[in-house]
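Each remark here refers to the structure printed beneath this line.
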Amino acid sequence: MATSHITPSFKFEIPAIDDQHQQLIDLITRLEQGVNGFLPNMFGVLEDLQKYVREHFTFEEEVLRKHNYPDFDEHKHEHEVFEAYIKHMARRIELGKAELRLDVLKFLKLWLTRHIQGTDRKYAEWFKQQGIAIVESPNGDTP
Ligand SMILES: [Fe+2]
Ligand SMILES: [Fe+2]
């Protein structure tokens, strides 16, 4: 399966976060393949995407809150807007009121890449400036 690997401008040298971003991009890429007729279980993947978005946002928000990140509210708000959009879109598709189209997926990918390169990068830089290393794993353990 072809995947689109995230480019260096996406990488923060924070393995837990970089891996999660890659997973999100991979899930959207799989949905794009689905729209092109190469994926049998599109609804399952759409559900996985919603779950994984929630997991990733929760992880980031927990880390940011724990370290008193100054732009926490603004960051969380961006997450909320994106999640509400995906939820609304998935619901309409589930009810047969809309189809999963390539332009919708392109929008999701664009939003995500902008968020990673802009809003997420800001916290990654702030953490570096503060000398804080994010070493938590997604399940909350500190290795
Ligand atoms: Fe992120
Ligand atoms: Fe984020």
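Here are a few things to note about the model shown:
For (1) loosely packed, with under 13 Cβ neighbours inside 10 Å; (2) within 16 Å of ligand 2 (Cβ to nearest atom); (3) under 23 Å from residue 49 (Cβ atoms), each residue gets a yes or a no:
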| residue | (1), (2), (3) |
| --- | --- |
| 76 | no, yes, yes |
| 81 | yes, yes, yes |
| 86 | no, yes, yes |
| 108 | no, yes, yes |
| 114 | yes, yes, yes |
| 119 | no, yes, yes |
| 127 | no, yes, no |
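- The range 116-130 residues that are touching a residue at least 40 places away in the same chain (Cβ under 8 Å), paired with ones that are within 10 Å of ligand 2 (Cβ to nearest atom) and assigned to a helix (DSSP H, G or I) (beta carbon under 7 Å, 6 or more apart): 116/21; 119/75; 119/78; 123/64; 123/75
- Every pair of residues 6+ apart whose Cβ atoms lie under 9 Å, when the first sits in the range 47-76 and is touching a residue at least 40 places away in the same chain (Cβ under 8 Å) while the second is among the hydrophobic types (A, V, I, L, M, F, W, C) and in a loop (DSSP other than H, G, I, E, B): 63/134; 67/132; 67/134
- The number of residues in the range 79-98 being in a loop (DSSP other than H, G, I, E, B) and among the basic types (Lys, Arg) comes to 1.
- On the stretch given as the range 34-60, residues that are within 11 Å of ligand 2 (Cβ to nearest atom) and either more than 18 Å from residue 135 (Cβ to Cβ) or buried (at least 16 other Cβ atoms within 10 Å of the Cβ) (or both) total 5.
- Condition check for residue 83: more than 10 Å from ligand 1 (Cβ to nearest atom), within 16 Å of residue 124 (Cβ to Cβ) and modelled with pLDDT of 95 or more: no
- Residues that are in contact with a Lys or Arg (Cβ under 6 Å, 6 or more places away or on another chain) and among the acidic types (Asp, Glu) within the range 83-114 are absent altogether.
- Residue list for the range 61-71, filter: touching an Asp or Glu at 6+ places or on another chain (Cβ under 9 Å) and surrounded by 15 or more Cβ atoms within 10 Å (Cβ to Cβ): 63, 64
The values are calculated or read from the model by the stated rules, or taken from the named source; none is laboratory data. Quantities reported herein were computed from a predicted structural model and do not represent experimental measurements. A quick note on method: Cβ atoms are made from the backbone with ideal geometry, for glycine too, and the neighbour counts reach across all protein chains shown.
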